[in-house]
Every structure is written in C-alpha cells, then in structure tokens.
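Chemist: My structure is below; once you've seen it, I'll send some questions.
The values are calculated or read from the model by the stated rules, or taken from the named source; none is laboratory data. Not measured: the values here are computed from a predicted model. Cβ sites come from the backbone with ideal geometry, for glycine too, and all protein chains shown count toward neighbours. Accessible surface areas use protein heavy atoms only, side chains included; no ligands, DNA or RNA. Shrake-Rupley method; radii C 1.70, N 1.55, O 1.52, S 1.80 Å.
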Amino acid sequence: MSTAAGKNSTEKLRLQAIRGRMSGKRGLTVAAAALAAISLSACGAADNRTTSGTYAGEDGASAPYLNVGPLVYQVQISRSLNPYETEDSQYLAGMPKAERELKPGEEWFGVFMMVFNEHNATHVDASDITIYDTEGQVYHPIVPNSTNLYAYRPGKVAGKGQIPAPDTTASYGPTGGALLYYKIPLEALEDRPLTIKIVSPTDPAEAATAELDV
C-alpha cells in the first residue's frame, strides 16, 4: 500500500468511527467524543506504528499502535476493575460462573483496546493476547458470555472495519475500546510494569508488546 493510499484509507476509517460515535447519544458526552477523536488521531502516522511501545496517558494520545499481521491494535487505558462499583459491575457482566469469584489477593484487571483493519479484505483478529509480569508469570484473558456488550471477542474484522464497530455499546464507552479481562495478583499489580503481548493468529512468530499503565 502506498503512503498516500494508506493515509486516505486511515482517514476514511477515522471518519467512520467518529460518525458512528456522534450518531447516537447513549452515554456519549462531549468529553468522551473528544477523547475518542484523540485516540484515533495518530493511527495513520508511520512513526506511531511499532511492534513495541509504552502506554502513556489516559487520553490515549501517546498510546502505541501495534502492528500485528495485517491489523493495527491500539492499546488504550488499562486499570483495575471493581465489581462493587456501578460502572465496573456492568463491564464485568456475563462472567462464567467458575470465574466470577476472586481468590484472596487477586483483582480484576481490564485493558481497553481498539483494532483497525485498513485493508479491503477481511482479516482475523488476535485471540492470543496475554499479560506477563516482571516475574515472568503469564495471565490469559477471560471472555464473558454474549450478554456482555463491552468485551473484546476474537473473530474477524471486516475490510476498512474496526473493533469495536461504530454504533455498538462498547464504542460509546469512555474510551471507545473493547475490553479484555484478566485476573491478576495484587502483588503483580504493585510490581510494575505489566506487559501485554499480542500474537498474530496467522503467524505465531509475529507478535507485539506494550507496557501497561497500572
């Protein structure tokens, strides 16, 4: 893809995402819309494309855009999730019965992420998205059932499409991102950094990483 074509396709993708967010009122404030626009603004810039990066700032302005196969993954906000808070309890809806309870010293940790497909063809998005700590312990995502409308779900991204798709519940959230869920020991959260690793579904040797904010 030429540089000019890449910029044009990315701009179309941005405009589609912004129109999707502005077409409805469900929970979308002016501040959230501005945040979403900021988080998308760097997607087409070559110097923001990388296979490694460091989370920087809750506005997502410096969050890394990670190249993994044909798709671009934008790691946004990462934080602990409190099941006793109103907002977070909605995020945690639909968890499998066996996973609902936390063990002593354990906490829910969420990563909000967007995925962009700048190509015409449909591509599969990553299912192998793990977090590892400074001791080398690896944590795998827990996927809630279909009643949860915020979760990141591996599947396919249509040509010129994105995750989450415009006009979906997740797209109207504060970050506009889909949510990955992990159970992580408190000691790991205190012993930073945590690192997220995204592995290509078509080539396991291809992966990208980014340090996460805790």
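Chemist: Amide H of Ala210 versus every other amide H placed in the peptide plane: which residues, excluding those fewer than 5 positions away on the same chain, fall under 5 Å?
Modeler: Amide H neighbours of Ala210: Gly53, Ile196.
Chemist: Would you please put 108-116, 92-100 in order of how densely packed they are, using the mean number of other Cβ atoms within 10 angstrom per residue and starting with the highest? The partial results should precede the final answer.
Modeler: Working: 108-116: 23.8, 92-100: 13.4.
With the highest mean Cβ count within 10 Å placed first, the list reads 108-116, 92-100.
Chemist: Take every Cα-Cα distance within the stretch 59-189, group them into 5 Å bins from 0 onward, and report for each bin the whole-number percent of pairs it holds.
Modeler: Pair shares across the bins are 2, 10, 19, 23, 20, 14, 7, 3, 1, 0.
Chemist: List the GluC sites (Glu not before Pro) within the stretch 105-183 that DSSP assigns to loop and that have no more than 13 neighbouring Cβ atoms inside 10 Å. Each step should come with its number before you reach the end.
Modeler: Working: sites: Glu106, Glu107, Glu118, Glu135; in loops: Glu118, Glu135.
Here the sparse-neighbourhood loop sites are Glu135.
Chemist: Cα-Cα over 32 Å: which of Lys103/Lys156; Lys97/Lys156; Lys97/Lys197? Present the calculation step by step, with values, prior to reporting the outcome.
Modeler: Details: Lys103/Lys156 34 Å; Lys97/Lys156 27 Å; Lys97/Lys197 27 Å.
Lys103/Lys156, as the Cα separations exceed 32 Å there.
Chemist: Can you give me the distance in nm between label points at Glu87 and Leu102, each placed 7 Å from the Cα along the Cα-to-Cβ direction?
Modeler: With each label point 7 Å from Cα toward Cβ, the separation is 1.7 nm.
Chemist: Something else now. Would you mind checking which residues have amide H under 5 Å from Val157's amide H? H placed 1.01 Å from N; only 5 or more apart, or other chain.
Modeler: Counting only residues 5 or more places away or on other chains, the set is His123, Val124, Asp125.
Chemist: Mind listing the phi-derived Karplus ³J(HN,Hα) values for the stretch 158-173, rounded to whole Hz, using 6.51, -1.76 and 1.60 with θ = phi - 60°, and x for any glycine or proline?
Modeler: With coefficients 6.51, -1.76 and 1.60, one gets 5, x, 6, x, 7, 10, x, 5, x, 6, 10, 4, 4, 5, 8, x Hz.
Chemist: Which whole-number percent is the relative contact order of the stretch 117-214 (Cα, under 8 Å, 6+ apart)? Present the calculation step by step, with values, prior to reporting the outcome.
Modeler: Working: 168 pairs, mean separation 33.1, N = 98.
Answer for the stretch 117-214 is 34 percent.
Chemist: Ok, one more. Pop the C-beta distance of Val214 and Thr122 into the FRET formula with R0 = 30 Å and round what comes out to the nearest 0.05.
Modeler: Details: r = 34 Å, r/R0 = 1.15.
So the FRET efficiency works out to roughly 0.30.
Chemist: Going by amide H atoms built from the backbone, whose H comes under 5 Å of the H on Val115, apart from near neighbours?
Modeler: Gln74, Ile163
Chemist: Percent of accessible area on the stretch 84-125 owned by carbon and sulfur, 1.4 Å probe? Mind showing how you got there, number by number?
Modeler: Numbers: 1170 of 2370 Å².
Taking all protein chains in place, the stretch 84-125 shows 49 percent carbon and sulfur surface.
Chemist: Pull out the extension gain between Lys183 and Thr168, defined as 0.36 nm times the separation in residues minus the alpha carbon to alpha carbon distance; nm, one decimal. Show your work: numbers first, answer last.
Modeler: Numbers: separation 15, 0.36 × 15 = 5.40 nm, distance 2.56 nm.
Length gained between Lys183 and Thr168: 2.8 nm.
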